Amino acid sequence: MQAGELSVNQAFLVLNALPDIGPVTTNRLLAEFGDDPRRLFEAPARELESVKGVGPRISGNLRGWRALVDLASEEARLAAAGATFVSVRDPGYPPLLRELPDAPLGLYRRGDYTFDAPCVAIVGSRRTTLYGQATAKKLGCDLAKLGFCVVSGLARGIDTFAHEGALEAGGRTAAVLGNGIDIVYPPENLGLYRRIEERGAVLTEFPFGRRADKQSFAMRNRIVAGMCRAVIVVESDVNGGSMITAKFAGEQGRLVFAVPGRIDQPSSAGCHQLIRDGATLLTSVDDVLGELDYLEGFGPAGVAPIPAKAAAPAAAGLGADEARVLGCFAGGAILSADTLVGLTGLASPALAAALMMLELKRLVAKRVDGTYEAR
């Protein structure tokens, strides 16, 4: 297959699998080559190497990609695994993650959840106490009931109980892996993996066959933090992997919460350090809602998160349903949910999701009388 015959999604799949080139360098290249990933495989080495960070090794990998990536085999494995590759351009890509300068070029995904609700991460130690397990499960359950997608890493301990809580509530949850999507780690979580796939999504940036290691877990942690509005650390020692997730969250401008524990319990030492360093002490899900200044709205339990203090992004990049709903407010219209159902033709759940996202983006506001207007 010639580079010009690749689809954009296939080009991102190849770029994601190539060695020695990461998302930051790729983004620089895309800026120089018309934002078309396919052009990177056809450009002369001299032009490629004029971009900062690109040397002969990277230009050689780009021009010789066919010897490094078996695209047909990778696509066949995707089909056999019932997985898809969601590129950074795909509407199903987690929207907050896309904002990061080192956002993955794409994600391997099992499950059909497309992240149309805000995400909150719950992370913590693999070596847990009964207190930590119960707390993680309750937080996962409560957040899922409020309409959040609960994100964690499928690891033993706190991650497992956070996912379990969300599933028990009948809500959405997403697991981000530090290995290829064909590998279940730890193996005892195979059943949980399958349940998450049914109710949400299993995600990874790593190609098939990639085993987990210290580096891949750190890369996974940046995704967990990057796709979420907030990160909750339930139990962690001072050197735990969850501290890395919290560090990424702080650098990415996400809220960081920590659950306090016993002062003589090593698994709480990391949480206490985070609180001393400025993380918000968390005792219940109400602390998350209060910090985000959430208002009453829609959701599986009658309430969906609508942050009043979120920064207002540009109107570009709206989903199809969001754009359809926003268009109804032209000319300063003030509309009820029932009216919007008639105008848009959307079912009530789809309308509720679109309104929630428009409120999150500060493009639409809910009035005291329950009607809506554009900001």
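The values are calculated or read from the model by the stated rules, or taken from the named source; none is laboratory data. The structure displayed is predicted, hence computed values, not measured ones. Neighbour counts are summed over all protein chains in view; Cβ atoms, including those assigned to glycine, are modelled from backbone coordinates with ideal geometry.
Could you list, in sequence order, all residues of region 356-365 that are more than 14 Å from A330 (Cα to Cα) and buried (at least 19 other Cβ atoms within 10 Å of the Cβ)?
Residues satisfying the conditions are M356, M357, L358, E359, L360, K361.
Of the numbered conditions (1) of a type in the set (S, T, N, Q); (2) in a helix (DSSP H, G or I); (3) surrounded by 19 or more Cβ atoms within 10 Å (Cβ to Cβ), S216 satisfies every one except a single condition; which is it?
(3)
Please work out which one of (1) in contact (Cβ under 8 Å) with a residue 60 or more places away in the chain; (2) within 20 Å of M219 (Cβ to Cβ) is the condition V8 fails and give its number.
For V8, the failing item is (2).
Kindly check whether there is at least one residue in region 166-184 that is in a loop (DSSP other than H, G, I, E, B), crowded, with 24+ Cβ neighbours inside 10 Å, out of contact with any Ser or Thr (no Cβ under 8 Å at 6 or more places or on another chain) and of a type outside the set (D, E, K, R).
yes
Please pick out the residue among L105, L18 that is touching a residue at least 12 places away in the same chain (Cβ under 8 Å), aliphatic (A, V, I, L, M), within 21 Å of A218 (Cβ to Cβ) and assigned by TED's automatic domain parsing to the domain that holds A174.
Working: L18 fails: assigned by TED's automatic domain parsing to the domain that holds A174.
Exactly one of L105, L18 is touching a residue at least 12 places away in the same chain (Cβ under 8 Å), aliphatic (A, V, I, L, M), within 21 Å of A218 (Cβ to Cβ) and assigned by TED's automatic domain parsing to the domain that holds A174, namely L105.
Among what's in region 122-134 and is surrounded by fewer than 24 Cβ atoms within 10 Å (Cβ to Cβ) and part of a loop (DSSP other than H, G, I, E, B), pick the residue that is farthest from the chain's Cα centre (by Cα).
Applying the first criterion (surrounded by fewer than 24 Cβ atoms within 10 Å (Cβ to Cβ)) to region 122-134 yields 126-131, 133-134.
Cutting the leftovers down to part of a loop (DSSP other than H, G, I, E, B) gives us 126-129.
Numbers: R126: 22, R127: 25, T128: 25, T129: 27 Å.
So, considering only residues that are surrounded by fewer than 24 Cβ atoms within 10 Å (Cβ to Cβ) and part of a loop (DSSP other than H, G, I, E, B), the one farthest from the chain's Cα centre (by Cα) is T129.
Is it the case that region 135-152 has a residue that's in contact with a strand residue (DSSP E or B) (Cβ under 8 Å, 6 or more places away or on another chain), farther than 18 Å from L289 by Cα and either free of Cβ contacts under 8 Å to residues at least 12 places away in the same chain or crowded, with 20+ Cβ neighbours inside 10 Å (or both)?
Yes, the conditions are met somewhere in region 135-152.
It is to be established whether one or more residues within region 43-63 are buried (at least 18 other Cβ atoms within 10 Å of the Cβ) and either assigned by TED's automatic domain parsing to the domain that holds A258 or aromatic (F, W, Y) (or both).
No: zero hits.
Pick from R127, R156: which is assigned by TED's automatic domain parsing to the domain that holds C271, over 30 Å from L355 (Cα atoms) and in contact with a Pro (Cβ under 7 Å, 6 or more places away or on another chain)?
Just one listed residue meets the conditions, R156.
All but one of (1) under 30 Å from R220 (Cβ atoms); (2) touching a strand residue (DSSP E or B) at 6+ places or on another chain (Cβ under 7 Å); (3) outside any loop (DSSP other than H, G, I, E, B); (4) modelled with pLDDT of 85 or more hold for L289; which doesn't?
(2)
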